[in-house]
Amino acid sequence: MNLFEHIPTDLFSVLASPNRTLYADALDVLWEAYRENLKIPEDTLYTMLRSKMEQQLADATFEGEDIDEEELRDISGRARFLIRKLYSKGWFEKERGEDFDEYITVPGYSSRLLDIFHQLREDSPVRGYSYVFGTYSALKVASDGDNVYDKMAAIYSAYDNTQALIKLLQMVYHNVKHFFQMQVKMREVNDVLAAHFDDFGQKVMEAYIRPLKIKDSVPKYRVPIQTILTGWAEDESLLMAISNAAVQDRRGATLDECRHDILQKIFWVNDRYDSIEHDYLKEIDGQVRRYTRATTQKLENLTNRDGNVRGNLAYLLSALERNHRATELVDRIQPVFQLYEQSFLSQKSLWHRKRPGKRSKVAPVLIEEGGIDSSTKAQAAELLRTEYSRAQIAAYIEKWLGDDGVCYSKDMALSDDRAYIMSMLAALTGRDPSANYVVKELEGSFTENEYTIPQLKIVRKEGRK
């Protein structure tokens, strides 16, 4: 699917122009007008651009832009130019209302992009600690009630919330990695402290990780969520009723299709809650610990760099890195120090995938199957006639039956291979009408001395001894 089949081709051109900062501010004003008004008259957007961007419009040069001299003359004309420019690139559309005034409509793709741009400008974290509790609450309310539609809606809500939770955890993991890379490039103590306590502490720990540990704990709600979903999946009559509600809600074309979809979502949610601690939370905790240790060590190095050899060496290497003209000096000290690019190691950094070599063709090896000679067959037949004949099997079983005429697997004394083979042969010959005993197979198995056989009950036939 081509992205530009759904959005205008020149949509992002304003953000690549020399006046991109001005256009970004104008788009934020458009987002504010869209948020505050159901119907947006063009004059309202024009007034907001003038009042909120007066200084930016006055300072803008508009070099290389297709602005008219009349528009360039004052702030009003420049605000009109911004409206014309954003409209021509597809950020909004215009329509004439019943009062013959021009109104602005914001397409769906534009509203989503404007919302993302505003979040990036505000740098406000999207708190996600309601996903697990929201899933539990919806399932609990639906489980306590008798409304089938509520149960169907709760299943789809649990699926959507779990997907959102996984995306949130992925974002947190990569955010920790991002702060790790930022810390590597820092050279001042104050920068490291500000990044750790202000940025990382507030935007990652307080916004995401701490709520997941305390307010929205996965271990706290995992079992109730799985219990409710599993109970619904095992109740066939309830499952069919939920599937029927899904058909009425047009979640699928047929009843079987909706039933399959609901079961798939239930199993997916249960599986994710089984693996989320190991695959996501522990990985994030490990990255946070590594980042914290690296930050502590970096603060120690930066704080003591003027008081020891290690700090002086770090200061020297940092100065050489910033001075691009120190090539000759670097070449002179290279034999003394092993200089490497500064980076960080992860638990997989020292692991390399083994690449198999290219296989070469060789001559095939012919395997000759030797036949079984007549003497070997004769020895095998003799062994069966003597060691495991019908008479030997019957005599062995009579030892087990004793005077009671009944024995079980636990009475067979499986001490060696012979006893194990006899137990198997007893189970096979017990179906023979001419045998002196009847073998019944019970549920389960019995293990003794590493030999495992089915649970058997052997009973002597009446009048046979």
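Overview of values
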| read-out | value |
| --- | --- |
| Computed lengthening from residue 118 to residue 72, 0.36 nm per intervening residue step minus Cα-Cα distance | 13.8 nm |
| Unsatisfied cross-links (Cα-Cα over 27 Å) in the set 167/220; 140/167; 94/167; 52/85; 177/298; 39/151 | 94/167; 39/151 |
| Percent of C-alpha pairs per 5 Å bin, the stretch 11-62, short to long | 4, 19, 29, 22, 18, 6, 1 |
| Residues of the stretch 250-289 with amide N under 19 Å of a point placed 7 Å along Cα→Cβ from residue 156 | 250-270 |
| Point-to-point label distance, residue 404-residue 375, nm (Cα→Cβ direction, 7 Å offset) | 4.9 nm |
| Ordering of 90-96, 415-421 by burial proxy (mean other Cβ atoms within 10 Å per residue, highest first) | 90-96, 415-421 |
| Estimated inter-spin distance, residue 96 and residue 296, nm [label 7 Å along Cα→Cβ] | 7.1 nm |
| Calculated diffusion of the stretch 3-122, Stokes-Einstein form, Kirkwood radius summed over Cα pairs, 25 °C and 0.890 mPa s, µm²/s | 166 µm²/s |
| Estimated inter-spin distance, residue 445 and residue 105, nm [label 7 Å along Cα→Cβ] | 6.9 nm |
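Values in this text are rule-based calculations from the coordinates and carry no lab data. Quantities reported herein were computed from a predicted structural model and do not represent experimental measurements. As a convention, Cβ positions derive from the backbone with ideal geometry for all residues, glycine included, and neighbour counts pool all protein chains shown.
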